[in-house]
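Report on one structure; see the data block that follows.
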Amino acid sequence: DNQWLQKLEKIVDTDKSSMRPDASPELKRIADNIIDREQKLQHIFKKIILKYRTTAILHEQEESIRSGRRVLAVKAEHKRSIQGIFLDESSGGNISFIEPEETVFVNNEIAELHSQYLKEQIRILKTITQYFRPYSQHILTYQKILGMIDGIRAKAYLALQLNAIAPEVNRESIVKLVNFRHPILVLQS
């Protein structure tokens, strides 16, 4: 029946090979909150960059991501000029990456939402796994069959690439190898 396929299609985005953000009402709520918080962070960052752009405090790249958090790229000699949390510095030491204090709370909210999102994804996967558990032997059998078909297809594709021909089989069990070449040696030449 198509019931299991419909369940799976509600959860998996086959085009992206990932879980759909609306796989459950809770996951959708969290995803929407993440988008909302990220937009708020974007708005705050625009204001901060405009504020510091004329002061020559920021490095030319202005902002970056460090430890998954949005930070300002500040010239090292001005790192004490910005209130916030020092997260990292460039390998040359000429840029300090500082999370402005105005964004700490929103960055924390985003990190917490991402954690909730992951937990909800795990809950959904556990639920769908329980649904498919009675079919596990069928799934394993189908997997083996598909693996065999994929192997045969790969051999046929390689044979076409190498202009290979199938051996002639006769009743005398005699094998004549004329102009025989190993496929790996042909590929390496």
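Some points to look at:
- Residue 45 vs. criteria in contact with a helix residue (DSSP H, G or I) (Cβ under 8 Å, 6 or more places away or on another chain), aromatic (Phe, Trp, Tyr), under 30 Å from residue 21 (Cα atoms) and at pLDDT 85 or above: yes
- Of everything in segment 91-116 that is in contact with a strand residue (DSSP E or B) (Cβ under 8 Å, 6 or more places away or on another chain) and not in a helix (DSSP H, G or I), the residue that is modelled with the lowest pLDDT is 94.
- Listed by first and then second residue, the pairs linking a residue in segment 88-108 that is in contact (Cβ under 8 Å) with a residue 24 or more places away in the chain and closer than 15 Å to residue 42 by Cβ to a residue that is charged (D, E, K, R) and open to solvent by 80 Å² or more (accessible area, probe 1.4 Å), with Cβ atoms under 6 Å apart and 6 or more places separating them unless they lie on different chains, are 106/40.
- Of everything in segment 109-121 that is open to solvent by 40 Å² or more (accessible area, probe 1.4 Å) and in contact (Cβ under 8 Å) with a residue 40 or more places away in the chain, the residue that is farthest from residue 39 (Cα to Cα) is 121.
- Just one of the numbered conditions (1) closer than 30 Å to residue 47 by Cα; (2) loosely packed, with under 10 Cβ neighbours inside 10 Å is not true of residue 130: (1).
- Between 5, 87, the distinction of being closer than 30 Å to residue 132 by Cβ and open to solvent by 40 Å² or more (accessible area, probe 1.4 Å) belongs to 5 only.
- Just one of the numbered conditions (1) open to solvent by 80 Å² or more (accessible area, probe 1.4 Å); (2) farther than 30 Å from residue 78 by Cα; (3) hydrophobic (A, V, I, L, M, F, W, C) is not true of residue 124: (1).
- Residue satisfying all of: in segment 30-54; of a type in the set (D, E, K, R) and open to solvent by less than 100 Å² (accessible area, probe 1.4 Å); farthest from the chain's Cα centre (by Cα) among these: 40
- Long-range neighbours under 6 Å by Cβ, at least six apart or interchain, first residue over 20 Å from residue 106 (Cβ atoms) within segment 57-76, second charged (D, E, K, R) and at pLDDT 80 or above: 59/75
- Residue within segment 150-172 that is within 28 Å of the chain's Cα centre (by Cα), small (Gly, Ala, Ser) and open to solvent by less than 90 Å² (accessible area, probe 1.4 Å) present: yes
The values are calculated or read from the model by the stated rules, or taken from the named source; none is laboratory data. Note that this is a predicted model, so its numbers are computed, not measured. For neighbour counting, all protein chains shown are included, and Cβ atoms are generated from backbone atoms with ideal geometry for every residue, glycine included. Heavy atoms of the whole protein, side chains included, go into the accessibility calculation; ligands, DNA and RNA do not. Shrake-Rupley method; radii C 1.70, N 1.55, O 1.52, S 1.80 Å.
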